[in-house]
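A.B. asks: One structure coming up, written as structure tokens, with questions to follow.
Read the figures in this text as sums done on the coordinates, not as results from a lab. Since this is a predicted model, take the numbers as computed values, not measurements. Glycine also receives a Cβ, built like all others from the backbone with ideal geometry; neighbour counts cover every protein chain displayed.
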Amino acid sequence: MSSELHQSVPMVLCLPLMTWQIKLLRLGAVMCMGVTAGAYILTLFAMKYRQRVLGLILISPLCRAPSWTEWLLNKVMSNLLYFYGMCGVVKELLLKRYFSKEVRGNVQVPESDIVQACRRLLDERQSINIWQFLEAMNGRPDLSEGLRKLHCRSLIFVGENSPFHSEALHMTSKLDRRYSALVEVQACGSMVTEEQPHAMLIPIEYFLTGYGLYRATLSVSPRSPLSPSCISPELLSPESMGLKLKPIKTRISLEV
């Protein structure tokens, strides 16, 4: 078995497991949501089992093989984990990958509760599991060629400060524009779901409207903390917010 195949086995094994769970629960087509590597697995699942996926909501998704910089950084973290376990350097590198500097804090500003909770979770995780995850990430194949054939609707979120920002842009360029939309969130890292979940509300509401799962209005959702002053007026139209799945861009103020 080749090294690349061995490293990608954990991701490949997720596909039959997901299919088995869907059959066990007697579900039809499902709406999927995933972050970074999870988004990669769900995209691969949607490409392989098209009839099983109704739509994709992807946050800072990956779709290409790792770049040299990502591959090298993963190798550095893997070696540190192998020899020293979950040390402070690995924690900082992982936090920098997933969170923006606005929530990581500095000398004047303390770390956010989200980052502190993530630090505690990293302490609880076994180093071997994170090592295997990084090795699998380094062995992932490129999905770019198959994205054009993916016809389920896709809504992509990415923070402008995410190291995977270029991945999201590349993925959007490869997807059929009739079925995909991109939301870029300012002052945010990879974990849009944790840093600025309010920025996801309106796009998701309009995205689900296309499936008849939510009845949207032309005004700002009463359940959303976003105000019109935070978003450009053209983004409040149903066309821009996902009904026709045109590429869009959010503008989130740091003062919100």
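A.B. asks: Please report, ordered by residue number, the helices (runs of 4 or more DSSP H) entirely within region 106-191 with at least 3 residues that are touching a Leu at 6+ places or on another chain (Cβ under 7 Å) and in contact (Cβ under 8 Å) with a residue 40 or more places away in the chain.
C.D. replies: Where helices (runs of 4 or more DSSP H) fall fully within region 106-191 and carry at least 3 residues being touching a Leu at 6+ places or on another chain (Cβ under 7 Å) and in contact (Cβ under 8 Å) with a residue 40 or more places away in the chain, they are 127-138, 165-174.
A.B. asks: Looking only at region 77-101, filter to residues that are surrounded by fewer than 18 Cβ atoms within 10 Å (Cβ to Cβ) and among the charged types (D, E, K, R); which one of those is farthest from Gly189 (Cα to Cα)?
C.D. replies: This residue is Lys91.
A.B. asks: Can you tell which of Gln116, Gln108, Gln51, Gln126 is closer than 28 Å to Val30 by Cα and surrounded by fewer than 14 Cβ atoms within 10 Å (Cβ to Cβ)?
C.D. replies: Criteria check complete, one pass: Gln51.
A.B. asks: Please go through region 54-76 and pick out each residue that is of a type in the set (Ser, Thr, Tyr) and surrounded by 15 or more Cβ atoms within 10 Å (Cβ to Cβ).
C.D. replies: Matches in region 54-76: Ser60 only.
A.B. asks: Given the conditions (1) of a type in the set (Asp, Glu); (2) under 18 Å from Ile41 (Cα atoms); (3) touching a helix residue (DSSP H, G or I) at 6+ places or on another chain (Cβ under 7 Å), and given that Glu145 satisfies all but one, which numbered condition is not satisfied?
C.D. replies: For Glu145, the failing item is (3).
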